[in-house]
């Protein structure tokens, strides 16, 4: 016979309090047909084994794993942007625009001016610490294109780019 025992819900079954990381609490099993019903109790709600308790034990909630840190040095980002700006490949223009927005938000670039041309708006941005200026055309991207490009850039640079980094956010 295979016994099926649920894992903890992470909260007290009496008061609903969520267990803190590494907090001790009590778990008890009650027969429920072919399986068992598990109930977890915080220290304040545990009154000992009730009638019908099959088994009980003291346990501890797991430590939550730290989110992976994804870090790219600012110089790497600036180098990537500069290479995009010097590329003649028209397919890189959209990447260049998204990187410019990200770097402006990180305050690694400064916008010096904008001008309207027949093909759209051109931003003149400067990397202050390098004293270099670049021109970046606003590519007029849709929300979906922005999301796809952010994902691609994140994969290339091993970054986790939040939605708040999107230009329209």
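The values are calculated or read from the model by the stated rules, or taken from the named source; none is laboratory data. Quick caveat: nothing in here was measured; it's all calculated off a predicted structure. Glycine gets a Cβ as well: all are built from the backbone with ideal geometry, and neighbour counts include every protein chain shown.
Assigned by TED's automatic domain parsing to the domain that holds residue 152, farther than 15 Å from residue 156 by Cβ and either touching a helix residue (DSSP H, G or I) at 6+ places or on another chain (Cβ under 9 Å) or assigned to a strand (DSSP E or B) (or both), is that true of residue 112? Against the criterion (assigned by TED's automatic domain parsing to the domain that holds residue 152, farther than 15 Å from residue 156 by Cβ and either touching a helix residue (DSSP H, G or I) at 6+ places or on another chain (Cβ under 9 Å) or assigned to a strand (DSSP E or B) (or both)), residue 112 qualifies. For segment 41-55, the set of residues classified as within 9 Å of residue 30 (Cα to Cα) and either assigned to a loop (DSSP other than H, G, I, E, B) or at pLDDT 95 or above (or both) consists of 52 only. Within the option set 84, 159, 150, 130, being at pLDDT 85 or above and on the phi < 0 side of the Ramachandran plot holds for one residue only, 84.
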